[in-house]
Amino acid sequence: MKVKPKRRLTLEGKKAITGYIFISPFLIGLAVFFVYPLVQSIIFSFNDLEVTTTGYKLNYVGLGNYRRAFLVDPNFRRVVVEAVTQMITDVPLIVIFSFFAATLLNQEFKGRALARAIFFLPVILTSGVIIAIENSDMLISMARSSFEEEATTGAVASVVQALELRRLLMQSRMDPRFIGYITGAIDNIYEVITASGVQILVFLAGLQTISPSLYEAAIVEGATGWEKFWKITFPMISPLILVNVVYSIIDSFTRPTNQVMQMIMDAAFKESSYGYSSAIAWVYFVTVMLILGVAVGIISKRVFYQE
Amino acid sequence: MSSVAMERQPAVTRGKARYSYFPLYRLRQLSWSVVRTILVMGICFVILYPLIVKFSVSIMDEMDLYDMTVRYVPKHFTLKNYETVWEYMRYPEAFMNSLKLSLLTSITQLISCTLIGYGFARFNFPLKNLLFGLVIAILVVPPQTIMIPLFLRFRFFDVFGIISALRGETLNLLSTYWPFVFMSATGMGLKNGLYIYIMRQHFRGAPKDLEEAAYIDGAGPFKTFYRIMLPGAIPMMVTVFLFSFVWQWTDTFYSSLFLQKLWVLPTALSSLVPNVSKSYSAEQLGMMVYLSPAYASMLNNTGSILVVIPLAVIYIFAQRYFVESIERSGLTGM
């Protein structure tokens, strides 16, 4: 930043320059490791890329890579659709569960510190390589399914068993799709719990910032717990529902177990077709952005802001 | 912790106390606390269960896996799995490399993200909102989108053509720590957008009076930052450090992208089973030996335990900071 010596800077001008100095690492990184690669990868996706000993060279193929993704590759469309359906089923469950867990952890009870430590354990222990290994692991998945059976065939809990529950719900004439969703949720409980560590933290932080005077007023007016929840807690926490939905969507699309991620990596490093890999990465990225846009659009209309 | 929470919610507790002489209310309270205990214990169990299974499998002999009468407690206790995994993961080497890598990146990320976060929180400059929007954007873009350009950039590394002019060729920085250092120092590493966001929220919530006092006493912005603001931010920095250390420790994406030849724990764990079966095949004079799925899974579980143990130790010491600092930071108020 070059400053002419004669004109003196205002205080605001000085502060602005200091601000730029503080964020200068980010500005460099943004240009070198984000914007530039992003532009490059668009260019790559329209080309065939060949790595040579001194660099790489590009052969322009137009929309060839995209055509291959949509029309030739037998797996790509299926895998993307699967990833999206998986996301659509999991995200509501994760958000609801983490909200519920945060409400639980926000109450006073003995051993709360321990319970909190355990609830956040998945953030630490089921990340990266651990979850990838776990997913491909036979014993753990066997143990998990036998545990789910066990937990639900016990005399006390027999009502919750997915099959029993399904029959019960069927008898109550509910929409079968909805029933499938509920029972599927019970079968997926472990995945949902392990994916919601960060979200629980965010909700918990939000619950702690709700002003107690609101509850005080509500109690004076004779509100029940149910009313307090829907009239105070829920609106106050609604901006965080948006934050968590966004976080969960991104998390579900970028976790290492995601099939599309695997495809992109394989296309680049097993088949060395870098151009094709860039193209499917871009298709995927645009899909993610579209879904994110729709979700944010729907939710942010209903979010309540205090200001 | 609990004292803070109690201070913050006096109304609710007082409200409850007012009604507490009604027996019905008492009963409701009691039954809810029973239900809550069951729920909390149930969820804790679901979280801990795979860990318990992993551990119990890791100390079993292979024959215990096929024995229907064995559940959780092994009949043939053995540490043989640990020996095998230790050897094939080349654990000491992988551990040291991972430790170096994780410490290096998390400390660099901590410094850069704290600086950037402070810049966004306390100074006004043109395009600030746009730039902060880009911080969020780097979180949203899947790293796979920019993976290949990054890979090529570090494979043929050059700064404005200077290096190729000096050496006659570009540098190959793959399988070194440099890509991680460069990306961390510029706030572009793994999930760094999140850390910048956390630090910015923290500094926004910190009181301005101290800083103003420091300015009046003649301290410049950097001295103020270093002497006044940093000490208050330590719990938050521990949190960011913990996040970045842990996620780097288990990260497969960047380590498989940049470190194909450097032996780190995630690589060691994901190539454990192929390596063991390859070496058994070599013993059988080239006959291909496939490990039984149960045995492979046993090795994987043992390996996971070995990868996770250091993290568990750190977590035990740091979890207080971790939970509390996020709660108090006002992380959530935009």
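Applying 1/(1 + (r/R0)^6) with R0 = 25 Å to the Cβ-Cβ distance of B:ALA282 and A:GLN262 gives a FRET efficiency near 0.30.
With 31 Å as the limit, write out which pairs from A:LYS57/B:LYS128; B:LYS100/B:LYS191; A:LYS57/B:LYS261; B:LYS191/B:LYS223 have Cα-Cα distances beyond it, or answer none. Working shown, then result.
Working: A:LYS57/B:LYS128 38 Å; B:LYS100/B:LYS191 19 Å; A:LYS57/B:LYS261 25 Å; B:LYS191/B:LYS223 29 Å.
Table pairs above 31 Å Cα-Cα are A:LYS57/B:LYS128.
Less than 15 Å Cβ to Cβ from A:LEU71, Lys/Arg counted +1 and Asp/Glu -1: what total charge do the surrounding residues give? Walk me through the intermediate numbers first.
Values: positive: A:ARG67, A:ARG68, A:ARG77, A:ARG78; negative: A:ASP73.
Once positives and negatives cancel, what remains is +3.
Less than 5 angstrom separates the built amide H of B:LEU171 from those of B:PHE157, all sequence-distant by 5 or more or on a different chain.
A:ASP251: net charge of surrounding residues, Cβ under 11 Å, Lys/Arg +1, Asp/Glu -1, itself excluded? Each step should come with its number before you reach the end.
Working: positive: A:ARG255, B:LYS191; negative: A:ASP90.
My count for the surroundings of A:ASP251 gives +1.
Charged neighbours of B:GLY220, selected by a Cβ distance under 12 Å, balance to +2 (K, R count +1; D, E count -1).
Considering only DSSP states other than H, G, I, E and B, which chymotrypsin sites (Phe, Trp or Tyr not before Pro) in segment B:138-190 qualify as loop sites with at most 12 other Cβ atoms within 10 Å? Write down the numbers at each step before the final one.
Values: sites: B:PHE151, B:PHE154, B:PHE156, B:PHE157, B:PHE160, B:TYR177, B:PHE180, B:PHE182; in loops: B:PHE156, B:PHE160, B:TYR177.
Here the chymotrypsin sites (Phe, Trp or Tyr not before Pro) that fit, given the DSSP loop and packing criteria, are B:PHE160.
Note on B:ALA165 and A:GLU50: with the Förster distance fixed at 25 Å, the Cβ-Cβ geometry gives a FRET efficiency of about 0.55. Here the label points at A:LYS14 and B:ALA219, each 7 Å from Cα along the C-beta direction, are separated by 1.6 nm in the simple model.
Calculated from DSSP H runs of 4 or more alone, at -39500 (n - 2.57) each and per residue, what is the 222 nm mean residue ellipticity of the protein assembly as shown, nearest 500? Present the calculation step by step, with values, prior to reporting the outcome.
Details: 35 runs with 455 residues, N = 641.
Result for the protein assembly as shown, helices only: -22500 deg cm²/dmol.
Taking every Cα-Cα distance in segment B:83-328 and sorting them into 5 Å bins starting at zero, the pair-distance distribution P(r) comes out as 1, 6, 11, 13, 14, 14, 12, 10, 7, 5, 3, 2, 1, 1, 0, 0 percent. Calculate the FRET efficiency for B:TYR82 and A:GLN107 from the Cβ-Cβ distance with a Förster distance of 60 Å, rounded to the nearest 0.05. Once the sixth-power term is evaluated, E becomes 0.90.
Stretching the chain fully between B:ILE309 and B:LEU27 yields a gain of 97.2 nm (0.36 nm per residue, less the alpha carbon separation).
So how much slack lies between A:SER238 and A:ARG255, counting 0.36 nm per residue of separation and subtracting their Cα-Cα distance, in nm? All intermediate terms of the calculation are to be shown ahead of the outcome.
Working: separation 17, 0.36 × 17 = 6.12 nm, distance 2.54 nm.
Full-extension gain reported as 3.6 nm.
Of the trypsin sites (Lys or Arg not before Pro) found in segment B:75-159, the ones in coil according to DSSP and having at most 15 other Cβ atoms within 10 Å of their Cβ are B:LYS75, B:ARG90. Taking 16 Å as the cut-off, the amide N atoms of segment A:225-252 that come nearer than this to a point 7 Å along the Cα-to-beta-carbon line of A:VAL294 belong to A:246, A:249-250. Under 18 Å Cα to Cα from B:LYS54, which lysines show up? Leave out anything in the same chain fewer than 8 places away. Result set, ordered by chain and number: B:LYS75, B:LYS80.
In terms of overall dimensions, the C-alpha atoms belonging to the protein assembly as shown reach 87, 82, 48 Å along their principal axes, ordered largest to smallest.
Bear in mind these aren't lab numbers, they're just calculated from the coordinates by the rules spelled out. Note that this is a predicted model, so its numbers are computed, not measured. FYI the Cβ positions are ideal-geometry reconstructions off the backbone, even for glycines, and counts take in every protein chain you see.
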